[in-house]
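This report concerns only the one structure given below.
What follows is calculated from the coordinates using simple rules that are stated; it is not laboratory data. Predicted model only: the values in this text are computed from it and were never measured. Note that each Cβ is placed from the backbone with ideal geometry, even for glycine, and that neighbours are counted across all protein chains shown.
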Amino acid sequence: MKIEALAPQRVNENEVLIPASGEMKIPARIFAREEIRLEETAVEQLKAACALPGVEAALGMPDIHQGYGVPIGCVVALRDHVVPAAVGYDINCGMRLLTTPLRAKELDLKLIAESIHRDIPLGEGKKNVRLSRDDFVAVLEGGVRALFEIKHSGARAWEFWDDEEERPLLDRIEDQGCMDGDRSAVSDRAVERGKDQLATLGGGNHFIEIQEVMRIYDHALAQRFNLFEGQAVVMIHSGSRGLGHQVGDDYMRLARAYDDSHGGGQPNNNLCFLPIQSKEGQSYLGAMHAAANFAFANRHLMAVLVKHNFRHYYDDMPMHLIYDVAHNIAKFERHGGKLLLIHRKGATRAFDAEHMKGSVFADTGQPVLIPGSMGTASYLLIGIPDGARTMFSVNHGAGRVMSRTQAAGKRGKRGRKKREAAVSDQKFSKSMEGVYLICEDRGSIKEEAPAAYKDIDVVIETVIGANLAKAVARMVPRAVLKG
């Protein structure tokens with residue numbers, strides 16, 4: 001469906017309004033400064049989301065860029081429908097941040113990074129922690145909580161598992177690492193793809209980074225989170241691996257078939273929906289939650305291995321978890337007195353203190369983890385009351401400005417170049433100066449070059465300028481592990 005264009009209107013230096021036109025039921029808003037280029041295709045996708053039935057809000061974050069169905073870096077709020085494409089393929093792709101008591105300059109980065117690499121497989125299709133079918137089902141239905149009950153043998157991660165250390169960390173994971181997963185809604189193909197992939201990183205933009213805290217913006221909050229300037233911290237970015245991808249694919253195809261057989265109504269064939277109360281809608285929610293549980297458990301087990309490696313070389317030191325948060329998920333939340341299904345695709349929840357009542361963040365607000373691109377800064381923020389303007393949501397990263405093919409080029413048969421890389425080898429090397437890099441695929445690593453992404457500092461300036469969250473700390477990478 002082609003939606004008639006009306007010119008976007010800049011509301012202020014941080015916000016753009018896209019008036020409703022054509023089939024749009026509501027206007028769209030994008031939070032972006034003038035310096036942030038807005039792809040026309042991403043804007044069109046956001047406008048299409050405004051044509052969904054029962055839509056209450058469609059918001060673009062500063063990292064907005066073209067995705068499948070809806071842009072990556074968006075929030076879509078619906079009353080009665082769920083849209084699998086508005087969650088995406090990597091369900092509960094998310095972030096985890098661990099602190100150490102060490103200064104980054106004290107570390108032998110090569111030693112510790114390569115040690116972590118030996119324990120955590122990088123790249124697509126890798127396997128690590130293998131579970132029995134019953135134990136794997138328990139993880140799909142119970143997330144991190146299930147890790148305390150299953151058989152602790154057959155994988156290196158269990159050698160360093162300590163119930164006493166791990167159980168209190170549930171309070172520092174979104175939803176305590178457990179959503180209402182339904183194994184029966186997950187295809188056998190999805191189970192087969194994921195059953196041996198726990199404690200693996202994956203490819204693409206996923207990473208494990210050893211970072212240095214370069215700047216503290218709020219010293220009182222930083223102290224609450226065990227942060228200080230010069231400190232070494234570890235950020236983990238990963239999701240639901242092959243299982244989540246298969247769940248996404250299964251239900252996007254199901255939604256397309258459902259809409260076709262029920263008279264259509266979808267804005268386009270990539271943006272199909274399921275009524276929440278339908279059998280199909282309930283199945284998707286159960287399968288999505290199961291994939292989310294897998295992702296929470298995946299990051300948790302990787303963190304166990306990271307902690308072991310640091311302690312092997314630097315004694316049995318405390319390593320605190322600041323938070324673990326999803327950025328591809330749909331969740332029921334109450335906003336403006338309405339119970340809505342909030343789809344966040346490449347967007348991070350950022351609840352204020354009021355919304356974190358009853359949690360360990362009741363007096364600070366929720367920690368918000370925003371990574372940069374490889375070689376650039378990452379940020380820790382907290383949610384604040386004014387975040388209600390975006391249903392307490394912010395961006396999940398910097399956002400691409402180049403496709404992977406554009407950045408790295410494309411080769412034909414026998415290695416002959418078909419498309420020149422926009423990022424030269426020299427430019428890539430310069431952008432990674434001072435960073436120890438481990439990557440599984442040297443041939444495609446430039447796909448994730450800093451130049452392929454927006455300026456994370458400008459992106460964060462937009463978030464702060466729009467008063468959507470408050471900055472706590474800025475970290476820069478010192479060692480990067482990627483697929």
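Projecting the Cα atoms of Gly54, Thr200, Gly286 onto the dipole axis of the chain, where Lys and Arg carry +1 and Asp and Glu carry -1 at the beta carbon, places Thr200 farthest toward the positive end. Once both labels are positioned 7 Å from their Cα atoms along Cα-to-Cβ, the gap between Asn270 and Asp316 label points is 5.3 nm. The trypsin sites (Lys or Arg not before Pro) of the stretch 182-256 include none that meets both criteria, a DSSP state outside H, G, I, E and B (loop) and at most 13 other C-beta atoms within 10 angstrom of the site's C-beta. Modelled spin labels at Asp188 and Arg79, positioned 7 Å past Cα toward Cβ, are 4.2 nm from each other. Approximating the spin labels as points 7 Å out from Cα along Cα→Cβ, the Arg133-to-Glu35 distance works out to 5.6 nm.
Restriction of the trypsin sites (Lys or Arg not before Pro) in the stretch 60-164 to DSSP coil positions whose beta-carbon has at most 16 other beta-carbons within 10 angstrom yields Arg79, Lys127, Arg130, Lys151. Short-range pairs are left out: with C-alpha atoms under 8 Å and at least six residues apart, the relative contact order of the chain is 22 percent. Please work out the C-alpha center-to-center distance from the stretch 250-278 to the stretch 1-74 and express it in whole Å. Computed from Cα coordinates, the inter-centre distance equals 21 Å.
Dipole orientation for the chain: of the candidates Gly337, Pro71, Ala185, Pro71 has the Cα lying most toward the positive pole (charges on Cβ; Lys, Arg +1; Asp, Glu -1). Assuming charge only on the beta carbon of Lys and Arg (+1) and of Asp and Glu (-1), the dipole of the chain about its Cα centre is about 1540 debye to the nearest 20. Between Phe148 and Ala362, the FRET efficiency estimated from the beta carbon spacing at R0 = 30 angstrom works out to 0.75. Charge dipole of the stretch 1-90 (Cα centre as origin; +1 on each Lys and Arg Cβ, -1 on each Asp and Glu Cβ, all else neutral): 200 debye, rounded to the nearest 20.
Based on Cα contacts under 8 Å between residues 6+ apart, the stretch 41-97 shows a relative contact order of 31 percent. Among the GluC sites (Glu not before Pro) within the stretch 85-152, those in coil by DSSP and having at most 12 neighbouring Cβ atoms inside 10 Å are Glu149. The distance linking the stretch 279-356 with the stretch 360-386 is 14 Å (Cα centroid to Cα centroid, whole angstrom). Based on the alpha-carbon gyration tensor of the stretch 72-222 and its eigenvalue square roots a ≥ b ≥ c, which shape applies: rounded if a/c is under 1.5, prolate if not and a/b is larger than b/c, or oblate? Because a/c hits 1.5 or more and a/b fails to exceed b/c, the stretch 72-222 counts as oblate. With unit charges on the beta carbon (Lys/Arg positive, Asp/Glu negative), name the residue among His396, Thr364, Ile438 whose Cα is farthest towards the positive pole of the charge dipole of the stretch 357-483. Ranked along the dipole, the leading option is Ile438.
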